[in-house]
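J.: Handing you a structure now.
The values are calculated or read from the model by the stated rules, or taken from the named source; none is laboratory data. Not measured: the values here are computed from a predicted model. Here the Cβ positions follow ideal geometry from the backbone for every residue, glycine too, while neighbour counts run over all protein chains shown. Surface areas here come from the heavy atoms of the whole protein model, side chains and all, with no ligands, DNA or RNA. Shrake-Rupley method; radii C 1.70, N 1.55, O 1.52, S 1.80 Å.
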Amino acid sequence: MNKPNVFISRQLPDIARALLSEAVFKCQIWDHEIPMPQNALIEHCQGMDALLCTAIDKIDAALYDACPDLKIISTFAVGYDNIDLAGAGKAGIRIGHTPGVLTEATAEIAFGLMVAVARHFLDAHRQIPEGSWKYFVPTRNLGQDLQRKTLGILGLGAIGFEMARRCKAVYDMQIIYHNRGINEEAEKTLGARKVTFEELLKQSDVLSVHASLNAQTKEIFNQGAFSQMKEEAIFINTARGGLHCEQDLIEALASGSIWGAGLDVTNPEPMHADNPLLKMPRVIVLPHIGSSTVFTRDEMARIAAQNIIHFFTTGKLLHEVETKKAH
Ligand code: GLV
């Protein structure tokens, strides 16, 4: 093959383009901070052999049908719920992603949100510019203790494990989890215990979500789920906003059926600036920054580019997503 053509759908850390150009790919880039509209993405991918995309590009049959030269799509993300895998399999397109490198950065955001919500970091801070910090009030800003509480994890994969490891090491928390499979390492090293989803809801003092978004998990945290949680519970979601129903979360917090929430992902994204969650006490929302450290984003760019380079040089990807099972 002549030099393969690669389209990069967003401004990324420079290393992605540098590696691809060095490996003699012809790169074109949507050199903007704003995401591409889907019709522009399809237009720019005409005649491309590879696409390096992000987690918010919609990758589906419309793209596959319009771009028959595409052989590989490498996403700058660990999650791939934006990609129609079955369609990619049928179109013979290989899919790459960037697991592993963002595990610690994302677990850190989950852990940080948990502490910040439990101890009122944001609403206590707001009291200062509002002028309501006048004197020491023994009964104000009372938080939740985390020491020896129960951490529940939905989706105990790599990121969930790192969150659990931190919670065990710092607060000696009991770890329970709900997964399809058993996480033997977590059971052995952290004493984690697998429970049903209902037990997870009922027993968790902090419930941290690390599952992938799919038809089974879509809005699994809804009114029915929140109503089974403890009134002191803190809900943390750093995975995908689509795992919770935002209106039901707002109502659960407003009615006191749960105590607080820390979100790095929202449903939908971006969250609208007038969303009531942003004004609620004991709620902290971040704009999807789980993997956002200099080192992690550089590594994601490196791996996303190398998936493409390896594919064209060896036929293998560094990290490939299985598309056949998706049929
Ligand atoms: C970010 O959300 C990712 O999936 O990498």
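J.: Would you kindly identify the strands (runs of 3 or more DSSP E) lying entirely within region 91-187 that contain at least 2 residues that are open to solvent by 20 Å² or more (accessible area, probe 1.4 Å)?
T.: Numbers: elements: 94-96, 150-154, 174-178.
Once the strands (runs of 3 or more DSSP E) in region 91-187 are filtered for at least 2 residues that are open to solvent by 20 Å² or more (accessible area, probe 1.4 Å), what remains is 174-178.
J.: Can we say S9 is touching a residue at least 40 places away in the same chain (Cβ under 8 Å), in contact with an Asp or Glu (Cβ under 8 Å, 6 or more places away or on another chain) and within 16 Å of the ligand (Cβ to nearest atom)? Steps first, answer last, please.
T.: Working: touching a residue at least 40 places away in the same chain (Cβ under 8 Å): yes; in contact with an Asp or Glu (Cβ under 8 Å, 6 or more places away or on another chain): yes; within 16 Å of the ligand (Cβ to nearest atom): yes.
So S9 fits the description; yes.
J.: Let me ask you something else. State the number of residues belonging to region 299-319 that are of a type in the set (G, A, S) and within 15 Å of the ligand (Cβ to nearest atom). Walk me through it before giving the result.
T.: Step one: of region 299-319, the residues of a type in the set (G, A, S) are 301, 304-305, 315.
With within 15 Å of the ligand (Cβ to nearest atom) added as a condition, the list becomes 301, 304.
Going through region 299-319 one residue at a time, the tally reaches 2.
J.: So, I56, is that one open to solvent by 40 Å² or more (accessible area, probe 1.4 Å), within 16 Å of the ligand (Cβ to nearest atom) and at pLDDT below 95 or not?
T.: Details: open to solvent by 40 Å² or more (accessible area, probe 1.4 Å): yes; within 16 Å of the ligand (Cβ to nearest atom): yes; at pLDDT below 95: yes.
Yes.
J.: Another question, then. Answer yes or no as to whether G79 is over 30 Å from Q216 (Cα atoms) and either without any contact (Cβ under 8 Å) to a residue 12 or more places away in the chain or in a loop (DSSP other than H, G, I, E, B) (or both).
T.: no
J.: Taking only region 99-154 into account, find how many residues are of a type in the set (A, V, I, L, M, F, W, C), within 19 Å of the chain's Cα centre (by Cα) and over 27 Å from K230 (Cα atoms).
T.: Residues flagged as of a type in the set (A, V, I, L, M, F, W, C), within 19 Å of the chain's Cα centre (by Cα) and over 27 Å from K230 (Cα atoms) within region 99-154 amount to 3.
J.: Next question. Take A66 and tell me if it is open to solvent by 30 Å² or more (accessible area, probe 1.4 Å), assigned by TED's automatic domain parsing to the domain that holds H310 and more than 14 Å from the ligand (Cβ to nearest atom). I'd like the intermediate steps shown before the answer.
T.: Numbers: open to solvent by 30 Å² or more (accessible area, probe 1.4 Å): yes; assigned by TED's automatic domain parsing to the domain that holds H310: yes; more than 14 Å from the ligand (Cβ to nearest atom): yes.
The answer is yes for A66.
J.: What is the one condition in (1) open to solvent by 60 Å² or more (accessible area, probe 1.4 Å); (2) out of contact with any strand residue (DSSP E or B) (no Cβ under 9 Å at 6 or more places or on another chain) that K26 does not satisfy?
T.: Every listed condition holds for K26 apart from (2).
J.: So which residues in region 280-298 are more than 14 Å from the chain's Cα centre (by Cα), assigned to a loop (DSSP other than H, G, I, E, B) and either within 10 Å of the ligand (Cβ to nearest atom) or within 14 Å of I236 (Cα to Cα) (or both), if there are any at all?
T.: Listed by number, the list holds a single entry, R282.
J.: I'm checking my understanding of the structure. Among residues of region 227-261 that are away from the ligand (no atom under 16 Å from the Cβ) and assigned to a strand (DSSP E or B), which one is farthest from V117 (Cα to Cα)?
T.: In the first step, residues of region 227-261 are kept if they are away from the ligand (no atom under 16 Å from the Cβ); the result is 227-235, 245-261.
From what is left, the residues that are assigned to a strand (DSSP E or B) are 234-235, 260-261.
On the way: I234: 8, F235: 9, G260: 6, A261: 7 Å.
Only one residue tops the list, namely F235.
J.: Just wondering, is there one or more residues in region 74-84 that are modelled with pLDDT of 95 or more, of a type in the set (G, A, S) and more than 16 Å from the ligand (Cβ to nearest atom)? Please lay out each step first, then the result.
T.: At the first step, the residues of region 74-84 found to be modelled with pLDDT of 95 or more are 74-84.
Narrowing further to those that are of a type in the set (G, A, S): 74, 77, 79.
This time we only want the ones that are more than 16 Å from the ligand (Cβ to nearest atom), so: none.
No, region 74-84 contains no residue that is modelled with pLDDT of 95 or more, of a type in the set (G, A, S) and more than 16 Å from the ligand (Cβ to nearest atom).
J.: Follow-up. Do the conditions hold for E269, that is, is it not in a strand (DSSP E or B) and not assigned by TED's automatic domain parsing to the domain that holds R94? Spell out the reasoning first.
T.: Numbers: not in a strand (DSSP E or B): yes; not assigned by TED's automatic domain parsing to the domain that holds R94: yes.
In short, yes.
J.: List every residue pair whose Cβ atoms lie under 7 Å apart, where the two residues are 6 or more positions apart in sequence or sit on different chains, the first residue falls within region 106-119 and is within 15 Å of the ligand (Cβ to nearest atom), and the second residue, located anywhere, is open to solvent by 30 Å² or more (accessible area, probe 1.4 Å) and among the aliphatic types (A, V, I, L, M).
T.: Filtered contacts from region 106-119: T106/I159; A107/I159; I109/L286; I109/I289.
J.: What pairs come up if the first residue lies in region 86-98 and is under 11 Å from S74 (Cβ atoms), the second is among the β-branched types (V, I, T) and more than 16 Å from the ligand (Cβ to nearest atom), and their beta carbons are under 6 Å apart, counting only those six or more places apart or on different chains?
T.: R94/I72; I95/T323
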